[in-house]
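No lab work stands behind these numbers, since they all come straight from the coordinates. Please read these numbers as outputs of a predicted model, since none were measured by experiment. Heads up, the Cβs are rebuilt from the backbone with ideal geometry, glycines too, and the neighbour counts pull from every protein chain shown.
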Amino acid sequence: MRINNQVPRGNAQGFFKYMKDDMISGLLVFLIALPLCVGIALASGFPPLAGIFTAIIGAFLTTFISNSEMTIKGPAAGLIVIVLGCVEEFKLNEMPAGTDMAVFAYKAALAVGVVAAVLQILFGLFRAGILGEFFPATVVHGMLAAIGVIIIAKQIPVALGVTGVKGGPLSLLAQIPEFVKHANPAIALIGMLSLLIMFVWPLVRSRVGFLKPIPAHMIVLLVSVPLGIYLNLSTAHEYKIFHADYKLSEQYLVKMPTKIFGMFEEYQTPDFSVLSEFKAWKWIAMFFIIGSLESLLSAKAIDLLDPYKRKSSMNRDMLAVGVANLAASMVGGLPMISEIVRSRANIDNGAKTRFADLWHGIFLLLCVGLIPTVLHLIPLAALAAMLVYTGTRLAHPNEFRNVYRIGKEQLLLFVVTLVVVLATDLLIGVAAGIALKMVLHLANGVPMRSFFKAYIEVEDVDDNTSIIIAKESAVFSNWIPFKRQIEEIGLVQRRNLILDLSGTTLVDASVMEKLEEVSHDFEQEGLKLELRGLDELRAFSASAHATRKRGLTPVRRLTLVTNPELAAKLIRDMVDMGATGYTEIPCFGAGRQLVNQDELIPQAQTRVEVIMPIDICEKVIDYLRTSIVPQNQLTVCVETVEVAKITPFVGDVENAPVAGHH
């Protein structure tokens with residue numbers, strides 16, 4: 001909701017005008033970011049302060065380069081898998097005796113981060129941010145779900161106090177019963193209590209208004225730190241439970257510098273010698289592609305949530321992320337992205353401009369500079385619980401459900417991507433998802449020639465309106481040229497646009513979702529984007545984002561035979577429930593009751609036929625079964641038929657009254 005029709009802007013005037021709102025939001029986001037930055041760094045194989053380096057650098061640099069007002073930049077759980085994978089692979093290098101492999105692998109990963117950041121900068125400068133539009137949304141969601149599963153698999157043993165764990169994600173998942181069996185009870189208490197808080201606290205604060213600003217992450221720290229002190233984790237000692245001995249020590253706490261501003265002791269520089277190895281370039285590709293893609297998707301998602309509907313430049317945001325990543329990697333930091341969880345919290349906390357990001361960085365700098373000893377008291381199990389919770393959000397069952405609603409083929413893409421990522425790695429998993437999507441498109445009749453080329457014709461309708469007539473297909477792989485034409489004619493030339501898709505063989509789910517986004521862009525500019533021809537294509541599901549294919553659309557034909565009075569009532573009820581038409585035929589006949597009585601005198605009957613979408617038919621059948629059939633003589637017949645166009649049978653039933661309540 002706009003205040004006095006003024007949209008807050010992150011300029012010098014906005015800094016002072018909205019300082020109070022931005023500072024409060026920055027403080028609350030800082031409370032979330034502090035433990036997450038430390039936890040993500042440790043889970044990524046980096047020193048704990050590396051994540052905070054990244055968030056601070058991101059806050060101070062991207063605030064002044066990007067025009068994204070609501071995004072918070074920093075390390076993200078979605079990058080844990082690639083960073084840790086890079087570190088672990090470089091630990092396998094053969095090195096001279098006496099070389100600290102952990103430090104070498106860390107510095108190698110920093111070098112990878114530097115090159116990936118340079119690529120991001122070039123991407124931003126050459127306006128290549130649109131390439132983020134190429135990747136199918138379902139494949140990306142499958143990748144993120146797999147990342148969530150991997151995070152859960154790797155952090156569960158940490159939350160239970162099990163050390164020396166090795167293996168891939170599938171192996172770790174299979175070992176969970178063993179982890180529970182060999183858990184350190186004191187550490188598991190901290191981990192499980194922290195995890196319980198992460199799940200329960202959002203429910204509590206949603207019901208108690210004054211608790212809403214306090215994030216679950218802060219409650220976890222307020223509970224776990226005193227519990228760790230009570231258990232005396234800072235001192236090595238043993239305890240006994242059920243005749244079993246267990247050890248506690250500082251290894252279960254975050255390792256931190258003990259001096260004020262001791263964070264500068266963690267400073268490390270990249271080792272560029274590793275760039276001569278092929279595997280370094282494999283990880284550069286991972287850092288660049290996955291990091292850029294996640295950042296672009298997050299920035300776009302936050303734009304949609306922005307209450308002032310401000311639009312970020314994706315190219316400028318990519319440039320900002322690249323510059324900040326370059327600086328972070330040069331001083332020992334993790335790679336960063338536009339992070340969606342902290343950004344969403346930023347919006348919810350009432351931030352007005354991008355300076356909220358700056359304030360959260362200032363609070364982080366003061367915290368790690370002045371009170372590192374307090375951070376040392378954070379139990380690792382508590383941080384692991386936060387990351388397990390984050391993993392469950394990425395791989396939540398709702399993700400599977402939402403994808404299935406779009407179409408069964410989308411669920412197949414999602415699951416294949418997820419499984420291949422778990423079995424191999426991120427790049428192979430994403431490539432497998434894209435390859436499968438192309439195979440499905442070929443099976444659905446998409447011509448090979450239109451995979452990467454948009455076949456379109458442009459005509460002017462009048463002085464203010466143009467029409468784009470699409471041919472062949474509109475799919476994820478040729479969306480970029482499609483979008484360029486739409487934006488050039490509509491947003492650049494300031495013209496209303498009609499997009500006619502009736503001549504396409506297939507419009508896939510990715511394009512349907514992106515067309516919805518572009519429609520919002522047109523609305524923000526006071527223009528109109530009208531879609532035509534979708535009614536001539538068969539939707540794979542009832543979802544607005546479902547794939548559309550040329551061909552007949554299955555519907556239901558409902559046939560009713562009953563007396564004329566009841567038939568008239570049922571016709572009214574079915575129209576109220578969404579039926580757009582009917583056929584009524586007077587007839588004569590006798591039902592089972594009359595036949596059994598040998599009374600073959602035909603009775604006056606009415607035969608009613610209605611063609612309707614499957615979902616509406618299901619509602620009608622349920623109504624007939626529960627409210628009509630038990631008290632009346634009625635014959636009901638349902639069959640599936642196919643129609644050339646679904647539009648004549650779909651009405652606006654949003655405000656329709658419920659049958660039987662006229």
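A few notes on this one:
- Rg(Cα) / (2.2 N^0.38 Å) computed for the range 20-394, rounded to two decimals: 0.95
- Assigned charges on the beta-carbon of Lys, Arg, Asp, Glu; the range 281-343 dipole about Cα centre (debye): 120
- Beyond 20 Å, the tail of the calculated P(r) for the range 448-549 holds 32 percent of the Cα pairs.
- For GluC sites (Glu not before Pro), the sites in the range 1-94 that DSSP calls loop and that have at most 16 other Cβ atoms within 10 Å are Glu94.
- Order by protection proxy (mean Cβ within 10 Å, highest first), peptides 20-32, 209-221: 20-32, 209-221
- Around the Cα centre of the chain, unit charges on the Cβ atoms of Lys, Arg, Asp and Glu (plus for the first two, minus for the last two) sum to a dipole of about 1060 debye.
- Farthest positive-ward along the chain dipole, Cα basis, beta-carbon charges - from Leu418, Gly651, Leu440: Leu418
- Check: the range 394-522 dipole with +1 on Lys, Arg Cβ and -1 on Asp, Glu Cβ, in debye: 500
- Rel. contact order, % - alpha carbon contacts under 8 angstrom, at least six apart, the chain: 19
- Protection-proxy order for peptides 409-418, 631-640, each taking the mean of Cβ atoms within 10 Å per residue, highest first: 409-418, 631-640
- Dipole of the chain, positive end: most advanced residue of Ile40, Ala382, Ala470 [Cβ charges, Cα centre]: Ala382
- Angle between the chain longest axis and helix 80-90 axis [Cα atoms, degrees, rounded to 10]: 50
- Note on the range 166-322: dipole from Cβ charges, positive end direction compared against Pro226, Ser313, Ile176; the farthest Cα belongs to Ser313.
- Reach of Lys483 by Cα under 19 Å, taken over lysines that are not fewer than 8 positions away in the same chain: Lys300, Lys311, Lys453, Lys471, Lys514, Lys528
- Protection proxy ranking, peptides 362-369, 61-68, average beta carbon neighbours within 10 Å, highest first: 61-68, 362-369
- The chain: angle of helix 380-394 to the longest principal axis, Cα-based, in degrees nearest 10: 20
- Value of Rg to Rh for the chain, rounded to two decimals, is 1.06; Kirkwood radius and Rg both from alpha-carbon coordinates.
- Anchor Lys17: lysines whose Cα lies under 20 Å away (excluding residues fewer than 8 positions away in-chain): Lys309, Lys352
- Over the residues of the chain, the helix contribution to mean residue ellipticity at 222 nm works out to -17000 deg cm²/dmol, using -39500 (n - 2.57) for each DSSP H run of at least 4.
- In order along the range 23-28, the phi-based Karplus estimate (6.51 cos²θ - 1.76 cosθ + 1.60, θ = phi - 60°) of 3J(HN,Hα) comes to 5, 5, 5, x, 5, 5 Hz; Gly and Pro are listed as x.
- Nearest-ten-degree value, helix 216-230 long axis tilted from longest Cα axis of the chain: 40
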